[in-house]
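Q: Below are the C-alpha cells for one structure; questions will follow.
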Amino acid sequence: MTPRELFEVEDAALAAQLFGQQNQHLKLIEKKLGVRLGSKGTCLHLSGEKPQIQIALRLLEELCALLRDGMPLYPTDIDYAIRILSSDSSTNLKDIFFDTVFVSARKKIIAPKSLAQKKYIDNIRQNHVVFGIGPAGTGKTYLAMAMGVAALMRKEVSRIMLVRPAVEAGEKLGFLPGDLAEKVNPYLRPLYDALYDMIDLEKARNLVDTGVVEVAPLAFMRGRTLNDAFVILDEAQNTTAEQMKMFLTRLGFGSRAVVTGDVTQIDLPRDAHSGLLHAMDVLDGVPGIAFSQFSDVDVVRHPIVQSIVQAYQVAERRVLNSGRRGRA
C-alpha cells in the first residue's frame, strides 16, 4: 500500500503562498521529489515512497517558516530548498536563505543558495585565504565579489582587487589590437559584470576610476604588496604553480584573498602544471587557509547549466575509464 501523509497549513493566506499560483509550487515539488500532492482547502495529502514523503514534509515545514518570516517564494527557491534538504534533511533553511551577504543597488538580496555556498561564505568570514573550487555556475566568484563589496562598504578593507590570468584559449593575444591592457580587458569582463550587478553603475565606475576597485591581469601583480585589501583571484586553474605562489605572497597586513577556479577547465599548455591543483596539495591543512568544494548540485544558474555540467562529467569519466582499460 502506498504510504500517505497529511500536512495542514495554518491559514488560507499562507497556503496560497505555499501552493503558488495555480498550484505551480506543488507541481514543482511533485516533479522534483516524485511524490503526489493533493490539496483541499489548507490541507495537503501526500503519497509516494516513504523517504521522499519525509523530505517533502520537511520541505513544506521549512517553506512555511520562510514565508512566515516574510520571504517571498519563487520556483528557484523551492528548487534550491529541495537540493539542500535532499542532502541534509536536518538543515534549517532560514540559516541559509536569511544569511544576507549583500543587498545590491537594485535591492537584490545576495545570500547562499546551497549548503556548499553557506560553508563557503562562512569560510571567507573566518579565514585569511579561501579557495572556492568547482564547476561553472556555482556562485564562487559572484559570492566572493559580494563579500568583498560588503567588506568595503563596512570599511573593513580600503580596496578590492579583482585579478584574473589572461590565458590564451585558442586565440593568440599578440594578434589582438591595442596595448596589453586593451588585449587582456576581455578576460576581465566577467569581473566587471559581477561588480556592476551589485553596485550602481555610476558608483562602480567611480570606484574603478579612483582605484578603490582595481581589475587587473595576474601579470600586473608581480612586485606589489597588497595591504588592507580584499583580493579575488578568478579562473585560478589557469595559473602556473609559480604564478600562484607569486599571487599568494602579495598579501599584506589587513588583507584577505579568495581564489576561485574549476579544475576541469584548465587551458594551460599540456606541459604546464596548474597552480590551483598544486596549491590544493601544498596548502592543505595550513592554518588560516580553507578549501570549499562545489559540485554540480550547487549550480545556481539556469537549470540547463546543471544538466550540462552533469553530462560533461559523465563523458569525462567515460573517457577516463576507457583510457584505463586501454592501459590494462
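Q: Looking at the chain, what % of its DSSP beta bridges pair antiparallel, to the nearest 5?
A: Close to 35 percent.
Q: Principal axes first, then extents: for the Cα atoms of region 268-321, list largest minus smallest coordinate on each axis, whole Å, largest first.
A: Largest to smallest, the principal-axis extents are 37, 29, 20 Å.
Q: Using only alpha carbon pairs under 8 Å that are at least six residues apart, calculate the relative contact order of the chain and give it in whole percent.
A: Taking the mean separation of contacting Cα pairs over the length of the chain, I get 18 percent.
Q: Same structure, new question: Pick from Asp234, Asp298, Asp271 the residue whose mean-square fluctuation is largest in a GNM of the chain, springs joining Cα atoms under 10 Å.
A: So, out of Asp234, Asp298, Asp271, the one fluctuating most is Asp271.
Q: Please give the FRET efficiency for Gln310 paired with Asp122, using the beta carbon to beta carbon distance and R0 = 30 Å, rounded to the nearest 0.05.
A: 0.70
Q: Here's something else I'd like to know. How large is the helix-only mean residue ellipticity at 222 nm for the chain, computed as the sum of -39500 (n - 2.57) over DSSP H runs with n ≥ 4, divided by its residue count, in deg cm²/dmol to the nearest 500?
A: -14500 deg cm²/dmol
Q: Work out how much length Arg154 to Val286 would gain on full extension: take 0.36 nm times their residue separation and subtract the Cα-Cα distance, in nm to one decimal.
A: So the chain would gain 44.7 nm between Arg154 and Val286.
Q: Name all residues of region 56-82 having a backbone nitrogen under 12 Å from the label point set 7 Å from the Cα of Thr100 along its Cα→Cβ direction, giving them as ranges.
A: Flagged as within label range: 71.
Q: Can you divide the C-alpha Rg of region 83-122 by 2.2 N^0.38 Å and report the result to two decimal places?
A: The reported ratio for this selection is 1.22.
Q: Turning to a different aspect of this structure: Scan around Thr240 for amide H atoms under 5 Å from its own, H built in the peptide plane at 1.01 Å from N, and keep only partners 5 or more places away or cross-chain.
A: HN-HN under 5 Å from Thr240: Gly275.
Q: Something else now. Quote to one decimal, in nm, the extra length available between Arg68 and Lys107 on full extension: 0.36 nm per residue of separation minus the C-alpha distance between them.
A: Full-extension gain reported as 12.0 nm.
Q: Which entries in Lys108/Lys155; Lys140/Lys203; Lys118/Lys155; Lys50/Lys119 show an alpha-carbon gap greater than 28 Å?
A: In this structure, Lys50/Lys119 exceed 28 Å between Cα atoms.
Q: Going through region 52-88, which trypsin sites (Lys or Arg not before Pro) have at most 14 other Cβ atoms within 10 Å and a DSSP loop state?
A: Answer in residue order: no site qualifies.
Q: Ok, one more. Compute the length gained on full extension between Val263 and Tyr196: take 0.36 nm times their separation in residues and subtract their Cα-Cα distance, giving the result in nm to one decimal.
A: Difference between extended and current length: 21.4 nm.
Q: What does the C-alpha gyration tensor say about the overall shape of the chain? Classify as rounded when a/c is under 1.5, otherwise prolate if a/b is larger than b/c, or oblate.
A: prolate
Q: Find, to one decimal place in angstroms, the Kirkwood hydrodynamic radius of region 28-165, where the mean of 1/r is taken over every pair of different Cα atoms and then inverted.
A: 16.9
Q: Quick one: what do you get for region 211-292 if you divide its Cα Rg by 2.2 N^0.38 Å?
A: Against the compact-globule rule of thumb, the ratio is 1.08.
Every number in this text was worked out from the coordinates using simple rules, so none of it is lab data. From a predicted model like this one, the values you see are computed outputs, not experimental measurements. Here the Cβ is made from the backbone with ideal geometry for all residues, glycine too, and neighbour counts use every protein chain on show.
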